[in-house]
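A.B. asks: This is the structure I want to talk about, given as structure tokens.
The values are calculated or read from the model by the stated rules, or taken from the named source; none is laboratory data. Note that the structure is a prediction, hence the values are computed from the model and not measured. Neighbour counts run over all protein chains shown; Cβ positions are idealised from the backbone, glycine included. Heavy atoms of the whole protein, side chains included, go into the accessibility calculation; ligands, DNA and RNA do not. Shrake-Rupley method; radii C 1.70, N 1.55, O 1.52, S 1.80 Å.
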Amino acid sequence: MKNHHAAAVCLVATVALLAGAAAPASAALRAVNFVSATTGWVGGDGAIWGTTDGGKTWQREYTGRDQIWSLSFVSPGVGYAAGIDPIPGAGIMLGTADGGKSWNKLAEPRNPARQISFGSSTFGLAMAGGSPLPASGTTERIPPFFGGRLAGTSDGARSWRVLDATELVDSTCVSNPQHPWAAYQAAVLRSDDGGDTFSNVFSPQIDTKRVWYAMIGCAASDVAWVQFTGPPSGEQRPYIVYRTIDGGRHWQAVLANKNTPEAYPQDIAIQGGPGPWPGPFAVVDANTAYFVGGCPQCGTRGAVSITGTSDGGKSWQSVSTVPDVTLSGPVAVSFGDANHGWIVGSSAAGAPIIAATADGGLTWTKQGPSGK
């Protein structure tokens, strides 16, 4: 399943030109999720769009006033969407069992679900509620909420319950329903009993005087990648990425902002990340992951770039810039396999953009909204 993943490989090919694609036209695109090289969805303000041909054409599958913030598909047929109805400020949960041909309203957690991750057609986790995470300046895009309650469903979002986690959470990931993950500030949580209880399996040696934000991605039952992001330090944000392949017993640092060494252990020698400001990431498998970064000080609204690895973080390909995508609005990334990926975001003028790669991020083609 690719709903939790981002990927990176050696960048050696050329992206297929997807000119002439009919693509979503939305006030903002906030979420993307591909389950293969051809089948995926994007969500944003008032709509969910789907494609079965790698983005050459898109079909509008859902229309409403909701802001779709998170998508999680467990197969080409079964998926979920979480968002906010901005008028009452209430959460909304949608589900499809026919590949997006129809979307049905489902139950929501007690607080709005800001981020969701499903590991099967019935089991999923949500980060519900939380507090806004302030941005630094007017050009930075960072995750909007942190420190929410961990909620779970075992009946396909027909009902939700608050789970027994010792801490609040920033993000969740489920690739195996028996072993779900969650992360918060400077900690990673894991369950070995299907979400009934969670325990802390990792606390990195980072400067705990800072307020950190944790994003986690996973694959199979024992693989997880987690990115810890700290508050601004001048024109930089500290961030560091760790990886485990044995269920959290051992962790290795694989990527960081090397311009903020005071935030990490002094004996860590790792690769520099894709920019001075971290973005989202996607995991393909134990060895392959892609990380988005940005530079708010670069250009009008800040350029967005991406780097990836295909050997578990031992080496990283050269950073490439995603054309026209900036930090002026939400940014999301998904890879359907090690080569095919999509980033959704906004141009400096605020127009929604879908950018696609077929060569592991070496080159990108704009798919929307004009399709040129």
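A.B. asks: Residues with amide H under 5 Å of residue 198's amide H, sequence separation 5 or more or different chain, H placed in the peptide plane at 1.01 Å from N; which?
C.D. replies: 166
A.B. asks: Then there is this: Just to confirm the filter: which trypsin sites (Lys or Arg not before Pro) across the stretch 39-146 are DSSP coil and have at most 11 other Cβ within 10 angstrom of their Cβ?
C.D. replies: 101
A.B. asks: Going by amide H atoms built from the backbone, whose H comes under 5 Å of the H on residue 47, apart from near neighbours?
C.D. replies: HN-HN under 5 Å from residue 47: 64, 68.
A.B. asks: Most mobile of 100, 361, 46 per a Gaussian network model of the chain (Cα springs, under 10 Å)?
C.D. replies: 46
A.B. asks: A follow-up question, please. Filter the trypsin sites (Lys or Arg not before Pro) in the stretch 194-264 down to the DSSP loop ones having no more than 11 other Cβ atoms within 10 Å, then list what survives.
C.D. replies: Those satisfying the criteria are 209, 249.
A.B. asks: Karplus couplings for the stretch 154-169 from phi (6.51 cos²θ - 1.76 cosθ + 1.60, θ = phi - 60°), rounded to Hz, Gly and Pro as x?
C.D. replies: With the stated coefficients, the stretch 154-169 comes to 10, 10, x, 6, 7, 8, 9, 9, 6, 8, 7, 10, 6, 9, 5, 9 Hz.
A.B. asks: Which of (i) 93, 66, 42; (ii) 50, 44, 35; (iii) 64, 49, 37 is the computed Cα extents along the principal axes in Å for the structure on display?
C.D. replies: (ii)
A.B. asks: What residues from the stretch 305-324 fall in the zone where the backbone N is under 19 Å from a label point 7 Å along the Cα-to-C-beta line of residue 250?
C.D. replies: 311-315
A.B. asks: Take the Cα pairs of the stretch 46-149, get the Kirkwood Rh, then feed it into Stokes-Einstein at 10 °C and 1.306 mPa s and tell me D in µm²/s.
C.D. replies: So the translational diffusion coefficient is about 108 µm²/s.
A.B. asks: Further question on the same structure: In a GNM of the chain with a 10 Å cut-off on Cα contacts, which of 82, 183, 253 has the highest mean-square fluctuation?
C.D. replies: Highest fluctuation among the options: 253.
A.B. asks: Spin-label point model (7 Å from Cα, Cβ direction): what's the residue 262 to residue 348 distance in nm?
C.D. replies: According to this spin-label approximation, the distance is 3.2 nm.
A.B. asks: Let me ask something else. Using amide H atoms built 1.01 Å from N in the peptide plane, name the residues 5+ places from residue 322, or on other chains, whose amide H lies under 5 Å from its own.
C.D. replies: 304, 305, 306
A.B. asks: Using a Cα distance threshold of under 29 Å, what count of lysine pairs results for the chain when pairs must be 8 or more residues apart or interchain?
C.D. replies: Number of lysine pairs found: 14.
A.B. asks: Something else now. Of the accessible area of the stretch 20-137, with the probe set at 1.4 angstrom, what percent is carbon plus sulfur?
C.D. replies: 52
A.B. asks: Determine the per residue accessible area of the stretch 226-372 with all protein chains present and a 1.4 angstrom probe, expressed in square angstrom.
C.D. replies: Result: 34 Å² per residue.
A.B. asks: Moving on. Report in % the part of the accessible area of the stretch 213-299 that belongs to carbon and sulfur, leaving out ligands and nucleic acids; probe 1.4 Å.
C.D. replies: 48
A.B. asks: Accessible area per residue, 1.4 Å probe, Å², for the stretch 36-105: what's the number?
C.D. replies: 37
A.B. asks: If you don't mind, there's one more thing I want to ask. For the chain, modelled as a GNM with alpha-carbon contacts under 10 angstrom, which of 81, 220, 338 fluctuates the most?
C.D. replies: Most flexible of the set in this elastic network: 220.
A.B. asks: For the pair residue 164/residue 63, report the inter-label distance in nm, with labels modelled 7 Å from Cα in the Cβ direction.
C.D. replies: 4.8
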